[in-house]
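Encoded as structure tokens, the structure appears first; notes follow it.
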Amino acid sequence: MSVKHSTQHKILDAAQTLFAETGFTDTSLRQITSMAEVNLASVNYHFGSKKELIQAVLQRYLVVLMPRLDQEFTRLLAVQQPNSLSQVLSVFVKPLLELNKVHQNGARIFLQLLGRGYTDVQGHLRWFFNHNYGRVLDKLVLLVQQACPDLPPSELFWRLHFSLGTVVFTMASNEALAEIAEADFNEKVDIEGVILRLLPYLSAAIAAPVATVTPLSHAVPKMASEGI
């Protein structure tokens with residue numbers, strides 16, 4: 001059993017490093033097994049397929065993160081009045097930081113992997129999240145809806161998507177940002193400090209008034225007809 005566990009662990013470590021650096025699509029199983037120093041057949045033996053390996057890499061973090069978030073979301077929903085958006089978003093801080101106990105820089109790595117799931121168009125991950133954690137994610141959406149009742153569902157979708165992109169980019173570059181903050185502003189910022197600076201920005205962005213969007217393709221003919 002110890003050999004089996006060791007092999008799985010080496011594959012997962014190599015896979016998460018390569019997936020975070022080069023993406024799911026551009027990382028081959030041969031690259032993973034080469035870094036892990038195991039034979040190619042071991043991936044199929046332990047995980048079944050590349051898709052299942054991707055899910056397993058994420059799952060090692062999700063089994064820590066999602067139960068904590070579920071607990072926090074349930075607590076907030078039990079409150080008699082709607083929570084503020086900042087209250088909702090603040091519950092992510094401690095669960096995310098706990099991912100550093102799963103692996104060194106675990107919070108950053110997890111969010112990079114999450115971002116790769118979008119940029120690499122991994123359709124199976126949508127099913128994976130909905131199947132395993134759909135109930136938890138529904139609680140999050142409900143809390144945001146309660147905090148921002150004037151946001152239409154479609155606008156809420158876009159803003160949560162933009163927020164995820166902001167979080168992924170910020171966390172992926174948090175070390176560089178910390179170096180710039182120290183060099184230019186004499187501020188020492190750790191990963192928790194980066195997250196705490198990010199939350200007010202996200203709260204304001206998600207809750208911003210809905211603007212009327214006029215496609216540029218509609219505006220140009222009008223200007224042309226006016227001789228502009």
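Annotations for the structure displayed:
- Only protein heavy atoms count here; on that basis, with a 1.4 Å probe, THR25 has an accessible area of about 90 Å².
- Charged side chains reduced to their Cβ positions (Lys and Arg at +1, Asp and Glu at -1) give the stretch 1-95 a dipole of some 160 debye around its Cα centre.
- Across the stretch 163-181, no residue has a backbone nitrogen under 13 Å from the label position 7 Å along the beta-carbon direction of ALA211.
- Listed residues PHE47, ALA20, LEU76: farthest to the positive end of the dipole of the chain (Cβ charges): PHE47
- Probe 1.4 Å, accessible area per residue of the stretch 59-208, Å²: 56 Å²
- FRET efficiency estimate (nearest 0.05) - Cβ-Cβ, ASN100 to HIS161, R0 25 angstrom: 0.45
- The angle separating the long axis of helix 191-207 from the principal Cα axis of greatest extent in the chain is about 40 degrees.
- Degrees between helix 106-119 axis and first principal axis of the chain (Cα, 0 to 90, nearest 10): 70 degrees
- Beyond 31 Å in Cα-Cα separation lie the following of the pairs LYS10/LYS139; LYS51/LYS188; LYS139/LYS188; LYS50/LYS188; LYS51/LYS139: LYS10/LYS139; LYS51/LYS188; LYS139/LYS188; LYS50/LYS188.
- Environment charge at GLN145 (Cβ cut-off 14 Å; Lys +1, Arg +1, Asp -1, Glu -1): -1
- Inter-site label distance for SER86 and GLN31 at 7 Å from Cα along Cβ, in nm: 4.2 nm
- Between THR119 and GLN145, the FRET efficiency from the beta-carbon distance, with R0 = 30 Å, is close to 0.65.
- Computing FRET efficiency as 1/(1 + (r/R0)^6) for TYR201 and GLU52, where r is the C-beta to C-beta distance and R0 is 41 Å, gives about 0.70.
- With all protein chains modelled, accessible area of SER154 [1.4 Å, Å²]: 80 Å²
- Highest-fluctuation residue, GLY23, GLY165, GLY134 considered, GNM on the chain with Cα pairs under 10 Å: GLY134
- Here the dipole of the chain is about 760 debye; that uses its Cα centre as origin and unit charges on the Cβ of Lys and Arg (positive) and Asp and Glu (negative).
- Among GLY115, GLY106, GLY123, the residue with the largest mean-square fluctuation in a Gaussian network model of the chain, with springs joining Cα atoms closer than 10 Å, is GLY123.
- The order of GLU175, GLU187, GLU21 by accessible area, most exposed first and with a 1.4 Å probe, is GLU21, GLU175, GLU187.
- Overall form of the chain per C-alpha gyration tensor (a/c, 1.5; a/b vs b/c): prolate
The values are calculated or read from the model by the stated rules, or taken from the named source; none is laboratory data. Everything quoted here is computed from the prediction, not taken from an experiment. For neighbour counting, all protein chains shown are included, and Cβ atoms are generated from backbone atoms with ideal geometry for every residue, glycine included. These area figures cover heavy atoms from the full protein model, side chains too; ligands, DNA and RNA do not enter into them. Shrake-Rupley method; radii C 1.70, N 1.55, O 1.52, S 1.80 Å.
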